[in-house]
Amino acid sequence: MAGRRFPFGSPALTGPAPATLCGMTRPPLPHPDEPTIDLQDFLKLSGLVETGGEAKFRIQGGEVKLNGVVETRRRKKLRSGDVVEYLGERLPVQL
């Protein structure tokens, strides 16, 4: 391999993206005009929590699930069709 040149750099730089190497796929990016809401704001507006501080505490404490998976990011953007679970309640997101 000594002296072999690759036309577009090394093979490591031209291969598939790291997420596809381990079999994972990236979620689709939301359309810029698609409405979204932060998870913490959704909890407040839906009445599941009373304050933003409580929303922060519950989310970062791992008490909230998004689409069946624990979500600890307060600013996670929700889109129509997502399902939020908290204290045994399942709420679909409809924007």
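Translational diffusion coefficient of the range 35-95 at 25 °C, 0.890 mPa s, Stokes-Einstein with Kirkwood Rh over Cα pairs, in µm²/s as a whole number. For the chosen part, D equals 222 µm²/s. Compared with the alpha-carbon gap, the fully stretched path from GLU89 to ARG73 is longer by 3.8 nm at 0.36 nm per residue.
Laboratory data are not the source of any read-out in this text; all were calculated from the coordinates shown. Bear in mind that the values here come from a model prediction, so they are computed numbers and not experimental data.
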